[in-house]
Amino acid sequence: MVKSARFPVIKTLDTFDFSLQPSINEKLVRELMTGEYLDRKENILLVGNSGTGKTHLASSLGFAGCMQGRKVRFFTVKVLVTHLLEMTEQRQLERTLRQLERQDLLILDEFGYVPFSKTASELLFEVVSRAYERQSLIVTTNLPFDSWTEVLGCERLTGALLDRLTHRVHIMKANGPSYRLRESKRRLKQNRPDTDDPPDHERDDRQVYPN
Ligand code: ADP
Ligand code: MG
């Protein structure tokens, strides 16, 4: 079950530090972990900049779903759309969409980093449209709603997609700092040799990394 969900990495809430993202409602996240939103076919939208824990939260929710025996499938939006385009070429689109429909939860990670072709936008719309009131979606994005048209290219399609996605939705915004950035700054401070350190010849060993 967990394997077929294809999470990039297994993440759970045990390792999520809510104090770093005060805009994320911990109580809501914990309630969502029970999976009842899946029975109600509600969606979850995680909005925030890079490194704010969106994928971590989405994966934790997905993992919890798996543990409860739900069928979960994780995709980055880019991988999903590329796959659907390929399946269209192979005349397998309908079959693939039906496979997706059999999931209880689809996680669509990273909406917004790449602009879509017209066909790609229509394919994503098809997935969201078929999921409407039948399955739950978790979508993560760095983009506010008014920028979604720039990715999808068409205002009407964006409106229709957002309409379905947000009809029954829990929206969570992560406004805190990037965890990745925070970690690499900390490593530098701790004078721990790491990939973020400058190459040896650029290093000033006198003062730059105090002990
Ligand atoms: P995003 O998807 O928003 O770009 P990620 O979820 O990939 O961010 O987070 C980047 C890394 O930082 C991951 O390893 C993740 O586990 C970790 N991380 C992010 N936010 C937190 C947090 N609040 N507590 C603990 N780890 C976090
Ligand atoms: Mg991410």
task: Output the residues belonging to the range 29-54 that are more than 14 Å from ligand 2 (Cβ to nearest atom) and not aliphatic (A, V, I, L, M).
output: ARG30, GLU31, THR34, GLY35, GLU36, TYR37, ASP39, ARG40, LYS41, GLU42, ASN43
statement: Checked the range 25-47 for anything open to solvent by 10 Å² or more (accessible area, probe 1.4 Å), within 13 Å of ligand 1 (Cβ to nearest atom) and in contact with a strand residue (DSSP E or B) (Cβ under 7 Å, 6 or more places away or on another chain); matches are VAL47
query: Mind checking whether some residue in the range 55-73 is more than 15 Å from ligand 2 (Cβ to nearest atom) and closer than 16 Å to GLU126 by Cβ?
result: yes
message: Within the range 68-83, does at least one residue satisfy the condition of being of a type in the set (Lys, Arg), closer than 27 Å to ASN25 by Cβ, under 17 Å from the mean Cα position of the chain (by Cα) and within 16 Å of ligand 1 (Cβ to nearest atom)?
response: no
task: Examine the range 167-182 for a residue that is in contact with a strand residue (DSSP E or B) (Cβ under 7 Å, 6 or more places away or on another chain) and within 15 Å of LEU123 (Cα to Cα), and state whether such a residue exists.
output: no
task: Kindly provide the set of residues from the range 144-159 that are in contact with a helix residue (DSSP H, G or I) (Cβ under 7 Å, 6 or more places away or on another chain) and either within 26 Å of VAL72 (Cβ to Cβ) or of a type outside the set (Val, Ile, Thr) (or both), ordered by number.
output: PHE145, TRP148, LEU152, GLY153, CYS154, GLU155, LEU157
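The values are calculated or read from the model by the stated rules, or taken from the named source; none is laboratory data. Predicted model, so just to flag it, every value in this text is computed and none were measured. Cβ: placed from backbone, ideal geometry, glycine included. Neighbour counts: every protein chain shown. Protein only, heavy atoms only, side chains kept; ligands, DNA and RNA dropped before computing areas. Shrake-Rupley method; radii C 1.70, N 1.55, O 1.52, S 1.80 Å.
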